[in-house]
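The values are calculated or read from the model by the stated rules, or taken from the named source; none is laboratory data. Note that the structure is a prediction, hence the values are computed from the model and not measured. Backbone-built Cβ (ideal geometry, glycine too); neighbour counts: all protein chains shown.
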Amino acid sequence: MFVLAHLSDLHLAARPRLSELPNKRGLGFINWQRGRKKVHRAEVLDAVTRDLKACAPDHTAVTGDLVNLSLPAEYARARDWLKTLGPPSDVTVTLGNHDVYVPGAARLPVEFWGEYMRGDDSAEPGTFPFLRRRGAVALIVLSSAVPTAPLLATGRLGERQLSRLAALLDETSGLFRVVLIHHPPVSPARRHLRRLTDARQFRQVLAAKGAELVLHGHDHRRSLIWLEGPHRSIPTVGVPSASARAPHHREHAAGFNIFRIDGEPDAWRCEVTTRMWDADGRVRELERETLW
Ligand SMILES: [Fe+2]
């Protein structure tokens, strides 16, 4: 059996220097001071991380928004946290919109976390999509992170990643293919400014080539939808933020998912367990669901 942990959207923050505030970061900082600071808490992330490690996963996937305003000090904090999760061979990272919050930050994720974003055969870290094979599991890692204008949190894959995704899904057919992406492949109309702009093309590739599982973050809540696949629907699972303290909105509280994957082609078994942080500081199992 292969145990895969999935968490996302830590939003680790650091205090910006004044010189770092002009541009979109200024608005983002106001936003942080007004609300998000009270939501994303280090002690919550610590409790979630401890509980995740006690589950002893074989591998951990982190689907973006590790940082908040793309400040160098934030990337350093996130790197320290990643080290507590495990070595780069056991932890896979993809990027969210907050990880490339401003155009000038584009190279920083690779500088700080490059080894966590390197495919098995990639010469260059941070080249998306990349593939990591672990036993019968193929992790196919996309980046939907693009710098956007203030108040926008959209993502985009682009034609190059989409055609490479199609090829990778073909190459890994017969394995348990897990696609990792920050933005969800379906967004309700009210989240138009936070959507994946080429979600339709992404879903078309999945419908044609198939995948056994799609994992995403961005929405800060637990979700399960089924996307069209060539033979069978594809379970698509969103995970809560790993650091959110949300006493009045329990569905927005921190949590993570554990996938237990077993079996073989045409006879896969996969069960997801969601573990959620509670106001008493404990992390508990909320629900278990069979996906395969
Ligand atoms: Fe996001």
**Fill in**
For region 213-238, the count of residues that are in contact (Cβ under 8 Å) with a residue 40 or more places away in the chain, within 16 Å of the ligand (Cβ to nearest atom), touching an Asp or Glu at 6+ places or on another chain (Cβ under 8 Å) and closer than 18 Å to R288 by Cβ equals 2
**Asked** Taking region 173-212 only, how many residues are more than 22 Å from E159 (Cβ to Cβ), within 16 Å of the ligand (Cβ to nearest atom) and either outside any helix (DSSP H, G or I) or modelled with pLDDT of 95 or more (or both)?
**Response** 1
**Asked** Under 7 Å by Cβ, and 6 or more places apart or on different chains, what pairs join a residue from region 124-137 that is under 25 Å from F259 (Cβ atoms) with one that is part of a loop (DSSP other than H, G, I, E, B) and at pLDDT below 95?
**Response** F130/S122
**Fill in**
Filtering region 155-174 down to residues that are crowded, with 20+ Cβ neighbours inside 10 Å and either of a type in the set (S, T, Y) or touching a residue at least 60 places away in the same chain (Cβ under 8 Å) (or both) yields G155, T172
**Asked** Does any residue of region 15-32 turn out to be within 20 Å of the chain's Cα centre (by Cα) and either outside any loop (DSSP other than H, G, I, E, B) or modelled with pLDDT of 95 or more (or both)?
**Response** no
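So which of D80, D99, D46, D65 is acidic (D, E), part of a helix (DSSP H, G or I) and touching a strand residue (DSSP E or B) at 6+ places or on another chain (Cβ under 9 Å)? Steps first, please.
On the way: D80 fails: touching a strand residue (DSSP E or B) at 6+ places or on another chain (Cβ under 9 Å); D46 fails: touching a strand residue (DSSP E or B) at 6+ places or on another chain (Cβ under 9 Å); D65 fails: part of a helix (DSSP H, G or I).
Criteria check complete, one pass: D99.
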**Prompt:** Of all residues in region 96-126, which are exposed (fewer than 15 other Cβ atoms within 10 Å of the Cβ) and closer than 19 Å to H183 by Cβ?
**Reply:** P103
**Which numbered condition A138 fails, given (1) closer than 21 Å to R177 by Cα; (2) small (G, A, S); (3) part of a loop (DSSP other than H, G, I, E, B)** = (3)
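Rundown of residues vs (1) over 17 Å from the mean Cα position of the chain (by Cα); (2) more than 16 Å from the ligand (Cβ to nearest atom), yes/no style:
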| residue | (1), (2) |
| --- | --- |
| S70 | no, no |
| R79 | no, yes |
| Y101 | no, no |
| R107 | yes, yes |
**Request:** Of the numbered conditions (1) surrounded by 23 or more Cβ atoms within 10 Å (Cβ to Cβ); (2) away from the ligand (no atom under 15 Å from the Cβ); (3) modelled with pLDDT of 95 or more, V93 fails exactly one; give the number of that condition.
**Result:** (2)
**Prompt:** Given (1) touching a Lys or Arg at 6+ places or on another chain (Cβ under 6 Å); (2) crowded, with 16+ Cβ neighbours inside 10 Å, where does L206 come up short, assuming only one miss?
**Reply:** (1)
**Request:** Name every residue in region 47-71 that is loosely packed, with under 15 Cβ neighbours inside 10 Å and either small (G, A, S) or in contact with a helix residue (DSSP H, G or I) (Cβ under 9 Å, 6 or more places away or on another chain) (or both), in order of residue number.
**Result:** K53, A54, A56
